[in-house]
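Structure first, then comments.
The values are calculated or read from the model by the stated rules, or taken from the named source; none is laboratory data. This one's a predicted model, so the numbers in the text were calculated from it and none came from an experiment. Cβ placement follows ideal geometry from the backbone for every residue including glycine, while neighbour counts extend to all protein chains displayed.
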Amino acid sequence: MKRRLLLGMSAASAALGLLTPGRALADNPAGYALLAAGPDGDLISRWADACALALGPGFPGNPVLQVQPVGGLDGVTGANKFDALVVPDGSTAAMFPGAALLAWLTGDSRVHFDPTHWVAVMAASNSGVLVVRQGQGMTPTPQTIQVGGALKLAVDQPDSNDLAVLLALQRMNVQTSPIFGLRGTDAKTKAFLAGEADAVFLCGEGVPEDIAPLAANGGVPVFSLGQMGDDGTLTNDPLFPTLPTAETFTPLNADAPYAAACQAAAAAARLDFLIALPHLTDPGAEALWQQAALTAVGAAALDSAADASSVRLRTSAGTAAELSALSLSPSDQLGLQNFLQTRFGWRAS
């Protein structure tokens, strides 16, 4: 967990009266709970702590929401339990990392949930920016970023946030030579500085500061994943307002191969976390949680934590717009999985 997040969450803790892991939460007569799909004390669990206390004032009686961490870092175990065990009575919502959505998209055999049925409550969206080593004064284009041959792209795995940029570059007909196994920003940056990679996709919390060492060594931001508006319209990332989105960097036909998969992967990569209710939750309970989310998004302490991590808090409308992009047809999802196998020899576990 990066230092900036710890600082941001500490600020939120102080302002909200947050209890640390190992906490003994107060009695919860209203019965509201927030399942956190991740280990206790880690990223999602800590965001859940802060969001639970920011959500509380939006409910009648200002209840303390019980936070229940469950499962591993990618959120798959927590999401499975959410879909299988949480009753849609409006008492329990859950927070997930975007990694859980990527596991679903890529056909991970552990997945037994369907995020397209979840009811959006709130989320935080992060930035995703492709940085490429470019010659001095050279304007980035799909041609110039591969002028020296196939683009050597630092990559974690195909089922990571890098899926979004792998698909975007595929649709641009940019030839890539991925260097797999570089998990995390530090490993990718080290490969770039050593000349082993010529491109890095930065995605997650703190992207603006992560660009700095790359820019000091010839790295140029090329395009971003943009930001999904509440109405489903994609606009430039507000942290990089002059940087084109992948769609404007190279206009792409909506019916081009992998178009829907590319949009779905981008939505999953943009979601730092999301909070949702189960399918078939009563509309009255939905409205109550979504109103509480409006209160939470407006909470100064939570906003401060988001700013410290370079993420943007989203209400239910923006969260729903991102989730709607995940609704791939069976043929589109199968096409994505076939692409990963044939292009990279990769199959989900």
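Scanning segment 105-145 for residues being part of a loop (DSSP other than H, G, I, E, B), of a type outside the set (Asp, Glu) and closer than 30 Å to residue 70 by Cα gives a total of 9.
Do you know which of the residues in segment 41-82 that are acidic (Asp, Glu) and either at pLDDT below 95 or not in a helix (DSSP H, G or I) (or both) is farthest from residue 311 (Cα to Cα)?
74
The set of residues in segment 262-313 being among the aromatic types (Phe, Trp, Tyr) and closer than 21 Å to residue 80 by Cβ consists of 273 alone. Evaluated against (1) among the β-branched types (Val, Ile, Thr); (2) within 21 Å of residue 258 (Cα to Cα); (3) within 15 Å of the chain's Cα centre (by Cα), residue 76 falls short on exactly one condition, (2). Is it the case, given these coordinates, that residue 311 is of a type in the set (A, V, I, L, M, F, W, C), in contact with a Phe, Trp or Tyr (Cβ under 9 Å, 6 or more places away or on another chain) and buried (at least 21 other Cβ atoms within 10 Å of the Cβ)? Against the criterion (of a type in the set (A, V, I, L, M, F, W, C), in contact with a Phe, Trp or Tyr (Cβ under 9 Å, 6 or more places away or on another chain) and buried (at least 21 other Cβ atoms within 10 Å of the Cβ)), residue 311 qualifies. Just a yes or no: is a residue in segment 278-288 in contact (Cβ under 8 Å) with a residue 40 or more places away in the chain, under 18 Å from residue 36 (Cα atoms) and over 14 Å from the mean Cα position of the chain (by Cα)? Yes, that holds for at least one residue. Residues that are without any contact (Cβ under 8 Å) to a residue 24 or more places away in the chain and not hydrophobic (A, V, I, L, M, F, W, C) within segment 227-247 comprise 233, 235, 236, 241, 242, 244, 245, 247, listed in sequence order.
So which residues in segment 83-104 are over 13 Å from the mean Cα position of the chain (by Cα) and part of a helix (DSSP H, G or I), if there are any at all? 83, 84, 85, 104 - these are the residues of segment 83-104 that are over 13 Å from the mean Cα position of the chain (by Cα) and part of a helix (DSSP H, G or I).
Take residue 154 and tell me if it is at pLDDT 95 or above and over 21 Å from residue 310 (Cα atoms). So residue 154 fits the description; yes. Just so you know, in segment 220-273 the residues that are of a type in the set (Asp, Glu) and surrounded by fewer than 16 Cβ atoms within 10 Å (Cβ to Cβ) include one that is farthest from residue 120 (Cα to Cα), and it is 255.
I'm checking my understanding of the structure. Among residues of segment 182-199 that are part of a helix (DSSP H, G or I) and within 24 Å of the chain's Cα centre (by Cα), which one is surrounded by the fewest Cβ atoms within 10 Å (Cβ to Cβ)? Spell out how you get there, then give the answer.
Step one: of segment 182-199, the residues part of a helix (DSSP H, G or I) are 185-193.
Filter once more, keeping what is within 24 Å of the chain's Cα centre (by Cα): 185-192.
Numbers: 185: 23, 186: 12, 187: 16, 188: 26, 189: 23, 190: 15, 191: 20, 192: 24.
The extreme case among them is 186.
Restricting attention to segment 317-330, the residues that are surrounded by 19 or more Cβ atoms within 10 Å (Cβ to Cβ) and more than 19 Å from residue 83 (Cβ to Cβ) total 3. Looking across 121, 131, one residue alone is surrounded by 23 or more Cβ atoms within 10 Å (Cβ to Cβ) and in the same structural domain as residue 275 (by TED's automatic domain parsing). It is 121.
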